[in-house]
Every structure is written in C-alpha cells, then in structure tokens.
Amino acid sequence: MKIKYYIITGTLALATFLIINIPAAPVIKALKDQLPQIKIQNVSGTLWQGSAQQVTIQSKHVLKNINWSVCISHLLMAEACIEFDAMYNKSPLSGQVSADMNKNIQANNIKTTMSAQALSQMITMPMGEIAGDISVDLETLNWRQGEIPSANGVIKWNKASITIAETAQLGDISITLTESEENPINAKISNQGGQLSIDGLASVNATTDYSLDLSFTPNKKASKNLKDSLSLFAKPQANGSFSVKNSGNLKQLGFM
C-alpha cells in the first residue's frame with residue numbers, strides 16, 4: 001500500500017511541477033491540429049497560469065484578453081480544469097470549466113453581462129427589437145458531446161423592452177433555469193414592473209425542440225396601441241390577458 005501511495009503521490013507531484021513550469025505557447029501550438037475549430041493567438045505564461053490575447057471558436061465566437069489558472073483540486077480527480085476571465089462581445093465573462101476523461105464538460109459559476117442589443121446581434125430574434133441589460137449567473141452548465149447542455153442558474157433582463165408595432169416596457173424580467181430528466185433546460189419566466197405582467201414556462205428537450213407558454217397581462221400603464229400590438233402575435237383571453245404558445249427547434253432561432 002505504501003509503495004502504491006508513493007507512486008501516486010510522486011506522479012501527481014511530477015504532473016503538477018510540469019504544469020507549473022511548462023510554457024503554454026509551445027504546447028498550444030503543438031495541439032492546434034488537434035483542435036482545428038479553435039484558434040488561439042498571442043499566448044503567454046505557463047499551462048498553470050497564463051493568458052491569450054484572443055481565442056476564436058468555430059470562426060464566429062471570439063474571446064479576448066483571456067486569463068486562466070489551473071484548479072488544483074481537480075487534478076486529484078484526473079480532470080482538466082481552469083478558472084478564467086475574458087471579454088466576449090465587449091462583455092466580461094468569467095467562470096470555471098472542467099473536462100473529464102470521457103470529454104464531458106462542466107462549467108460552474110459562469111457569469112457575464114451584456115446589452116439586449118448585443119444579444120440580438122448574436123442570434124436571430126423571433127420578434128421585434130429588444131433593449132435593456134442582461135446578466136447571466138449560471139451555477140452549473142453540463143455538456144456531453146452530441147447532446148444539448150443542461151443548465152441551472154438565473155438570467156436577469158433589467159429595464160427590458162420589446163418593440164414591434166409599439167414599444168412594450170417589460171420592467172425587470174427574471175428567468176430561472178433548472179434541469180430535469182425530461183428536459184435539460186426548463187425556464188420559469190416572470191417580471192416586476194413595466195406595462196405588462198409576465199408569467200410563463202419554457203423548456204428544451206434533448207433533441208433541441210422547445211416549447212413556450214407565456215401569459216401577458218396589461219396593467220393601467222398599458223396603452224390601447226400596446227394592447228393592439230399584443231394581439232398581433234398573442235391570443236386574447238377572456239380575463240384580459242394575452243397568451244403565447246409556441247414550439248419548434250432552436251436551430252430555427254439561430255441558437256444551434
């Protein structure tokens with residue numbers, strides 16, 4: 001038992017020593033053919049703690065001013081793990097990302113903020129123009145190759161508004177994300193303030209099919225024009241609310 005303990009301890013010590021001291025640049029250069037979908041530029045520091053000026057993923061996602069450090073605890077579980085901070089689309093992005101021997105990826109404490117306008121430029125929006133400030137705080141994000149990620153966390157959209165024929169002030173919207181056996185992503189949607197009360201659910205299953213069930217209830221601040229605008233895409237209900245029910249695939253919206 002002692003010999004096995006010494007072998008394991010010695011191996012871990014050697015691996016730690018190498019990671020601390022090996023320059024990151026030549027290692028990343030050697031791996032570039034193995035990761036053709038990722039382009040890393042101007043690398044400095046070591047594998048243990050380093051930085052890169054820019055990382056481009058699949059030619060469309062660009063991270064800038066990336067800094068990373070290795071998570072020591074994950075080395076004991078034979079997992080690759082880094083803590084990082086970067087800029088994505090002129091917005092700060094930080095968190096922890098790890099990968100196990102089966103290439104399963106888990107991210108923790110992923111945080112970012114961006115304007116709603118910036119988000120609309122990244123994806124194809126299903127309706128109108130949006131405005132406001134968006135913050136993302138994901139406790140966990142798990143991804144297995146060939147599957148849709150599962151997520152737990154909160155997305156907040158403050159000072160939210162949507163303009164179609166009329167601008168609707170939506171107040172502060174909160175989206176709480178959870179996962180279940182049926183759906184990797186379930187979302188509870190609600191708001192405070194604004195001209196409408198919002199309540200609803202959304203979900204995405206393993207094959208990226210989504211369903212959406214939202215209710216909009218105008219309050220005294222809502223104009224007749226706004227109510228008329230709601231009727232363009234939502235079904236009026238007997239209680240004065242408007243219902244939106246939709247389903248499809250995320251690929252249709254530009255998310256995948």
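The values are calculated or read from the model by the stated rules, or taken from the named source; none is laboratory data. Model, not experiment: these values are computed from the prediction. As a convention, Cβ positions derive from the backbone with ideal geometry for all residues, glycine included, and neighbour counts pool all protein chains shown.
Structural remarks
- For residue 153, the conditions (1) in a loop (DSSP other than H, G, I, E, B); (2) within 17 Å of the chain's Cα centre (by Cα); (3) small (Gly, Ala, Ser) are fulfilled apart from (1).
- Identification of strands (runs of 3 or more DSSP E) wholly contained in the stretch 190-256 with 2 or more residues that are at pLDDT 90 or above and among the aliphatic types (A, V, I, L, M) yields 196-204, 209-218.
- For the stretch 231-245, a residue qualifies if it is surrounded by fewer than 15 Cβ atoms within 10 Å (Cβ to Cβ) and among the aliphatic types (A, V, I, L, M), and the qualifying residues are 232, 238.
- Against the numbered list (1) loosely packed, with under 14 Cβ neighbours inside 10 Å; (2) under 19 Å from residue 189 (Cβ atoms), residue 252 comes up short only at (2).
- Evaluation of residue 161 against (1) among the small types (Gly, Ala, Ser); (2) over 30 Å from residue 231 (Cα atoms); (3) crowded, with 18+ Cβ neighbours inside 10 Å (one fails), failing number: (2)
- Boolean, residue 179 is acidic (Asp, Glu) and under 27 Å from residue 113 (Cβ atoms): yes
- Filtered residues of the stretch 206-216 (kept if surrounded by fewer than 15 Cβ atoms within 10 Å (Cβ to Cβ) and touching an Asp or Glu at 6+ places or on another chain (Cβ under 8 Å)): 206
- The residues of the stretch 180-228 that are among the acidic types (Asp, Glu) and within 12 Å of residue 168 (Cα to Cα) amount to a single one, 228.
- Filtering the stretch 142-174 to residues that are touching a residue at least 24 places away in the same chain (Cβ under 8 Å) and in contact with a Phe, Trp or Tyr (Cβ under 9 Å, 6 or more places away or on another chain) leaves 149, 150, 164, 168, 170, 173.
- Residue 187 vs. criteria buried (at least 18 other Cβ atoms within 10 Å of the Cβ), farther than 24 Å from residue 66 by Cα and modelled with pLDDT of 95 or more: yes
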